[in-house]
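Okay, so here's the structure we're looking at.
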Amino acid sequence: MIEVLVVDDDARVARVNAAYVEKVPGFHVAAEAHNAAEALRQVEALPRLDLVLLDHYLPDETGLEVVQEMRRRGHQTDVIMVTAARDVSTVQAAMRHGALQYLVKPFNFAGLRAKLEAYAELRRTLDGGGEAEQADVDRIFGALSASSEPGLPKGHSPTTAELVRQSLMNAEGPLSAQEIADRTGVSRQTAQRYLKLLERTGRARLTLKYGDAGRPEHRYVWATRA
């Protein structure tokens, strides 16, 4: 699990953001904080912390000052800024201080989910270690710059896309197009079309199941479970 600290000066907003985080497979909210001092205390106290979702406008210090202090104390915890601050100077400063992503308020669950899934993809890429070829470097920076919810191609239904996505996310292991069709009520051909779209956009990964004879069966797994 990726352990997350949610920091926002508004307790209600912090709760909403924390609930969003908990809905994304592979993520767990370790704690919440509502000011800079509390955030820094949590960074020091938590036995394990992977990611901070950090508001910029805090009552005692700015989010950027929190990042600076974290780095001064030797904490290299990853940071995603989640804030209403949209002036270019703040965005630029966040980049220079090492924020991996920047999500502007207001946003919906899909927007935050896309950032978290891109972060999870980044961690998977980096966990391999070793030396990086250009393709590996491109994949790392591609994860960092992953957009929010990608637009659906013409002829694709948002409702069907969500059905297929939820079925894949909630599955305990890889599923075939026929299994997705059985779970969602769409045809096998439709399920296959949406699964290929999820694969192309990096949200699902293709696996192959080899039988005794014939072509291997294509099975898909949600990217955060691969």
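The values are calculated or read from the model by the stated rules, or taken from the named source; none is laboratory data. Remember, it's a predicted structure, so these values are computed and weren't measured experimentally. No Cβ is skipped: glycine too gets one built from the backbone with ideal geometry, and neighbour counts run over all protein chains shown. Just so you know, the surface numbers come from the protein's heavy atoms only, side chains and all, with ligands and any DNA or RNA stripped out. Shrake-Rupley method; radii C 1.70, N 1.55, O 1.52, S 1.80 Å.
If you go through the range 106-124 and keep only what is among the basic types (Lys, Arg) and open to solvent by 40 Å² or more (accessible area, probe 1.4 Å), you end up with Arg123, Arg124. Filtered by the rule that a residue be surrounded by fewer than 17 Cβ atoms within 10 Å (Cβ to Cβ) and closer than 26 Å to Leu46 by Cβ, the range 91-102 gives Met95, Arg96, Gly98.
Within the range 22-49, the set of residues being open to solvent by 20 Å² or more (accessible area, probe 1.4 Å), without any contact (Cβ under 8 Å) to a residue 60 or more places away in the chain and touching a Lys or Arg at 6+ places or on another chain (Cβ under 8 Å) comprises Ala30, Glu32, Glu44. Does Ala19 meet the test of being touching a residue at least 24 places away in the same chain (Cβ under 8 Å), aliphatic (A, V, I, L, M) and open to solvent by less than 60 Å² (accessible area, probe 1.4 Å)? No.
Condition check ((1) modelled with pLDDT of 85 or more; (2) closer than 15 Å to Leu5 by Cβ) across all residues:
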position: Ala33; (1), (2): yes, yes
position: Val43; (1), (2): yes, yes
position: Pro47; (1), (2): yes, yes
position: Leu58; (1), (2): yes, yes
position: Glu61; (1), (2): yes, no
position: Glu69; (1), (2): yes, yes
position: Ala110; (1), (2): no, no
position: Ala118; (1), (2): no, no
position: Arg124; (1), (2): no, no
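Would you say Arg205 is open to solvent by 50 Å² or more (accessible area, probe 1.4 Å), in a helix (DSSP H, G or I), at pLDDT 85 or above and under 19 Å from Tyr220 (Cα atoms)? Criteria not met by Arg205.
Checked against (1) modelled with pLDDT under 85; (2) exposed (fewer than 14 other Cβ atoms within 10 Å of the Cβ); (3) not in a loop (DSSP other than H, G, I, E, B), Ala213 meets all criteria but (3).
Across the range 25-46, the number of residues qualifying as in contact with a strand residue (DSSP E or B) (Cβ under 9 Å, 6 or more places away or on another chain) and farther than 18 Å from Asp9 by Cα comes to 6.
Assess whether Pro174 counts as being open to solvent by 30 Å² or more (accessible area, probe 1.4 Å), over 19 Å from the mean Cα position of the chain (by Cα), modelled with pLDDT under 90 and within 25 Å of Leu116 (Cα to Cα). In short, no. Residues in the range 150-184 that are without any contact (Cβ under 8 Å) to a residue 60 or more places away in the chain, closer than 11 Å to Trp222 by Cα and outside any loop (DSSP other than H, G, I, E, B): Val164, Arg165, Gln166, Ser167, Leu168, Asn170, Leu175.
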